[in-house]
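**Q** Quick one: structure below, then a few questions.
The values are calculated or read from the model by the stated rules, or taken from the named source; none is laboratory data. Bear in mind that the values here come from a model prediction, so they are computed numbers and not experimental data. As a convention, Cβ positions derive from the backbone with ideal geometry for all residues, glycine included, and neighbour counts pool all protein chains shown.
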């Protein structure tokens, strides 16, 4: 797949970790970027792999997963267009901390560790810009850990749905459509619970009129009820 340099620059500009780069920095970064294709279900890398690449999704969706204490797969996040991943290992040289799998066919921009480190040495100020974005991502991860640790099942699912709306929400006359196809099992994985538990919780939300299913997508009908659910004490 051939993509001209200006297209690479525009794509990189839309990525949070590169959004503060000036034109010269973006132009030089575009020079070291390659394009790769991954089929649905293919692994970009697995936990404990040696980290040699940084990835940016140009098109498609990917899942970041880890194995839970009961050997159940837990989805940490779903990555969409302009999302980046693999940055930790290429910066510190340590093994991958999670597995990333293509949720659907993906086109990605790829940067090797050696090329990226040379780029940072050439433009030292870039390091500060990158650290700012990484700190924001770390804070978000801390919030997710706190959610999984202290919230009950219904609160966890409500929290997942409201966080998904930030990236995938599309307003309609009926409500807010989460424009991403997710199974009950995948929602359960995002909430750190089994498919059976997520099925029960989602069924309750549907009966209460808070959400509805539209094919493999979910429509949020009563966001305030979901917010109030998170604030409640007790629950399943």
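**Q** Can residue 202 be described as surrounded by 13 or more Cβ atoms within 10 Å (Cβ to Cβ), under 15 Å from residue 165 (Cα atoms) and at pLDDT 85 or above?
**A** no
**Q** Continuing with this model, one more query. Please list, ordered by first then second residue, the pairs with beta carbon atoms under 6 Å, 6 or more apart or interchain, first in segment 3-16 and in the same structural domain as residue 85 (by TED's automatic domain parsing) and part of a helix (DSSP H, G or I), second surrounded by 15 or more Cβ atoms within 10 Å (Cβ to Cβ) and modelled with pLDDT under 85.
**A** Going by the 6 Å Cβ cut-off, the qualifying pairs are 12/18; 16/133.
**Q** Now for a different question. Kindly list the number of the only condition in (1) in contact (Cβ under 8 Å) with a residue 40 or more places away in the chain; (2) under 30 Å from residue 52 (Cα atoms); (3) surrounded by fewer than 12 Cβ atoms within 10 Å (Cβ to Cβ) that fails for residue 110.
**A** In the conditions (1) in contact (Cβ under 8 Å) with a residue 40 or more places away in the chain; (2) under 30 Å from residue 52 (Cα atoms); (3) surrounded by fewer than 12 Cβ atoms within 10 Å (Cβ to Cβ), residue 110 misses (3) alone.
**Q** Continuing with the same structure: Could you check, for segment 220-232, whether at least one of its residues is farther than 20 Å from residue 77 by Cα and at pLDDT below 85?
**A** yes
**Q** Next question. Can you report the number of residues in segment 25-52 which are outside any loop (DSSP other than H, G, I, E, B) and touching a residue at least 24 places away in the same chain (Cβ under 8 Å)?
**A** Qualifying residue count for the region: 13.
**Q** For residues in segment 189-199 being modelled with pLDDT of 90 or more and surrounded by fewer than 17 Cβ atoms within 10 Å (Cβ to Cβ), which is farthest from residue 154 (Cα to Cα)?
**A** Of everything passing the filter in segment 189-199, 196 is farthest from residue 154 (Cα to Cα).
**Q** Continuing with this model, one more query. Looking at segment 116-224, what strands (runs of 3 or more DSSP E) fall wholly within it and have at least 1 residues that are under 23 Å from residue 104 (Cα atoms) and in contact with a strand residue (DSSP E or B) (Cβ under 6 Å, 6 or more places away or on another chain)?
**A** Qualifying strands (runs of 3 or more DSSP E): 169-171, 176-178, 217-220.
Conditions tested, residue by residue: (1) more than 23 Å from residue 193 (Cα to Cα); (2) modelled with pLDDT of 90 or more; (3) surrounded by fewer than 20 Cβ atoms within 10 Å (Cβ to Cβ).
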{"residue": "42", "(1), (2), (3)": "yes, yes, yes"}
{"residue": "52", "(1), (2), (3)": "yes, yes, yes"}
{"residue": "59", "(1), (2), (3)": "yes, yes, yes"}
{"residue": "69", "(1), (2), (3)": "no, no, yes"}
{"residue": "91", "(1), (2), (3)": "yes, no, yes"}
{"residue": "96", "(1), (2), (3)": "yes, yes, yes"}
